[in-house]
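This report concerns only the one structure given below.
The values are calculated or read from the model by the stated rules, or taken from the named source; none is laboratory data. These figures come from a predicted structure and were not determined experimentally. Don't worry about glycine lacking a Cβ; one is built from the backbone with ideal geometry, like all the others, and counts go over all protein chains shown.
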Amino acid sequence: MIVSDKPSDVTPTEPQKTGAMRDLGPRLLSAIVMVVLALGSAWLGGHVFALFWMVAGFAVFWEWQKMVGGRQERYRLIVGAVALAVAAQLALTLRADIALLVVLVGAIVVALLAGREKALWAGPGLVYAGALVISVCVLRSSFFEGLTSILWVFAVVWGTDVMAYFGGRLIGGPKLWPRISPGKTWSGLICGVVCGAGLGVCVVQYWRTAGEINLLPVFLVGIAAGLAAQGGDLFESGMKRHFGVKDSSHLIPGHGGAMDRLDGFIVAVTLAAIIGLARNGFYAPARGLLVWW
């Protein structure tokens, strides 16, 4: 998710300052734990990595269903959990096609269980969560550049997130989409995307296993992924406004829910997996994403 670059309109009172400082501890601790788990599981790879992202994907799916509402929620969650678990195992063996089929069938079942009024919202929630699980597992399991591809996505999304905040605060200027996300600016978008793409190039330059490659396409793909991350953030902001909620949940102390943290990452990593698969097939999609001549 992109950190809001909305400036404060009022001077905070002493109770507000005290509350903010009180929230800083849990927020910082949660951030450290999330980063350690994400990087640690990426380093280990295999079933540990798949389990971590399967849990994250289920959290996203659970929050989506809670937000949407509808009938048979317990059974929808069971269907989603089974579909995500099967999809993760299939994606580990680089069978993204079958994994996607499992998720699509599961999404149809979820939509039917939710009832006619909620079907069009409930079903896509599993596709959204499934895209996350399948994409990260396919990239990490790639025979070449698997770890590098995950670190690259982290760098692009996190770099975009942080620099969008600072760029928007320092430069200001016209708002990006005031009705959906009043705090975001065009300056934040540009600073975030360019810096995130640049950080991604640094990761590839340091971590890649291939020989000399052309880094300009890597930078351009990073721009596309950064824009996708911003789009994912705006989509989730719009969805929360539609359903009248501030946070997707309170699952992560100080940060809201899993959707709040992963909205941009989900879209960016899905785009990355699609590019890798389109260029290099199931054998080495991460190499297709990052290795350009």
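Just to be sure, is TRP43 part of a helix (DSSP H, G or I), over 28 Å from PHE243 (Cα atoms) and in contact (Cβ under 8 Å) with a residue 12 or more places away in the chain? Give the derivation first.
On the way: part of a helix (DSSP H, G or I): yes; over 28 Å from PHE243 (Cα atoms): yes; in contact (Cβ under 8 Å) with a residue 12 or more places away in the chain: yes.
Yes, satisfied.
Any residue at all in the range 208-218 that is at pLDDT 85 or above, buried (at least 20 other Cβ atoms within 10 Å of the Cβ) and on the phi < 0 side of the Ramachandran plot?
Yes, the range 208-218 contains a residue that is at pLDDT 85 or above, buried (at least 20 other Cβ atoms within 10 Å of the Cβ) and on the phi < 0 side of the Ramachandran plot.
Does SER187 count as crowded, with 18+ Cβ neighbours inside 10 Å, in contact with a Ser or Thr (Cβ under 8 Å, 6 or more places away or on another chain) and either without any contact (Cβ under 8 Å) to a residue 60 or more places away in the chain or not assigned by TED's automatic domain parsing to the domain that holds ALA83 (or both)? Break it down into steps so the answer makes sense when it comes.
Numbers: crowded, with 18+ Cβ neighbours inside 10 Å: yes; in contact with a Ser or Thr (Cβ under 8 Å, 6 or more places away or on another chain): no; either without any contact (Cβ under 8 Å) to a residue 60 or more places away in the chain or not assigned by TED's automatic domain parsing to the domain that holds ALA83 (or both): yes.
The answer is no for SER187.
Out of GLY159, GLY125, GLY106, which single residue is over 19 Å from TRP43 (Cβ atoms), assigned by TED's automatic domain parsing to the domain that holds TYR283 and in a helix (DSSP H, G or I)?
Details: GLY125 fails: assigned by TED's automatic domain parsing to the domain that holds TYR283; GLY106 fails: assigned by TED's automatic domain parsing to the domain that holds TYR283.
On inspection, the qualifying residue turns out to be GLY159.
Among the residues of the range 249-267 satisfying the criterion of being part of a loop (DSSP other than H, G, I, E, B) and over 14 Å from the mean Cα position of the chain (by Cα), which is farthest from LEU28 (Cα to Cα)?
Step one: list which residues in the range 249-267 are part of a loop (DSSP other than H, G, I, E, B), which gives 249-251, 253-255, 257.
Filter once more, so that each one left must be over 14 Å from the mean Cα position of the chain (by Cα): 249-251, 253-255.
On the way: SER249: 18, HIS250: 15, LEU251: 15, PRO253: 9, GLY254: 8, HIS255: 9 Å.
Selected residue: SER249.
Scan LEU170, LEU132 and give me the residue that is assigned by TED's automatic domain parsing to the domain that holds ALA258, under 28 Å from GLY238 (Cα atoms), of a type outside the set (Val, Ile, Thr) and in a helix (DSSP H, G or I).
Numbers: LEU132 fails: assigned by TED's automatic domain parsing to the domain that holds ALA258.
It is LEU170.
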